[in-house]
Amino acid sequence: MAVTCRRIHAAPGPDEGIRVLVDRLWPRGLKKEEAGFDEWLRAVAPSTELRRWYGHDPERAAEFRSRYRAELTEPERAEALDHLRQLAARGPLTLLTASREVGISHAAFLAELLGTG
């Protein structure tokens, strides 16, 4: 499964396949008609409390992943994660986030989860 993640503010590339926004909140400064994504899957995003606690602090990354993995077992989030697995099985999938730190974002963690099956 080819799963990548990118910043939603970046222009789409030619081989990104299905583009899914995985943030709970709408990205600031982005008009919906200019967003260029196929689906917005809010349910797979971390809770507001977890997102605020994490704050993209690299020192909290390991604990964030552990807590987020636990959240992903909740029924609504598990269903959303399964939907992403189904999309990834069909072809290239790009997870989009507004985070400036894409490499340590929840989208990067999701891409790793989906890429390992």
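All of the numbers you see were taken from the coordinates with simple rules; none came from a lab. Here the structure is a predicted model, which is why all the values come from computation and not from measurement. Don't worry about glycine lacking a Cβ; one is built from the backbone with ideal geometry, like all the others, and counts go over all protein chains shown.
Under Stokes-Einstein, with the Kirkwood radius over Cα pairs standing in for Rh, what whole-number D in µm²/s applies to the chain at 4 °C and 1.567 mPa s?
Working: Rh = 14.2 Å.
The diffusion coefficient I find is 91 µm²/s.
Divide by every residue of the chain the summed helix terms, -39500 (n - 2.57) for each DSSP H run of at least 4, and state the resulting mean residue ellipticity at 222 nm, rounded to the nearest 500 deg cm²/dmol. Display every interim value, and only then the final one.
Working: 4 runs with 44 residues, N = 117.
Value at 222 nm, helices only: -11500 deg cm²/dmol.
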- [ ] With a Förster radius of 30 Å, plug the Cβ-Cβ distance of Ala78 and Leu30 into 1/(1 + (r/R0)^6) and report the FRET value to the nearest 0.05.
- [x] 0.60
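What relative contact order, as a whole-number percentage, does region 3-115 give when Cα pairs under 8 Å and 6 or more residues apart are counted? Each step should come with its number before you reach the end.
Numbers: 155 pairs, mean separation 51.4, N = 113.
For region 3-115, the relative contact order is 46 percent.
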Open item on the list: Students often check this: by mean Cβ neighbours within 10 Å, which of 74-84, 100-110, 57-67 ranks highest, and how do the rest follow?
Closed with: 100-110, 74-84, 57-67
Open item on the list: How big is the dipole moment of the chain about its Cα centre under a simple scheme where the beta carbon of each Lys and Arg is +1, that of each Asp and Glu is -1, and everything else is neutral? Debye, nearest 20, please.
Closed with: 220
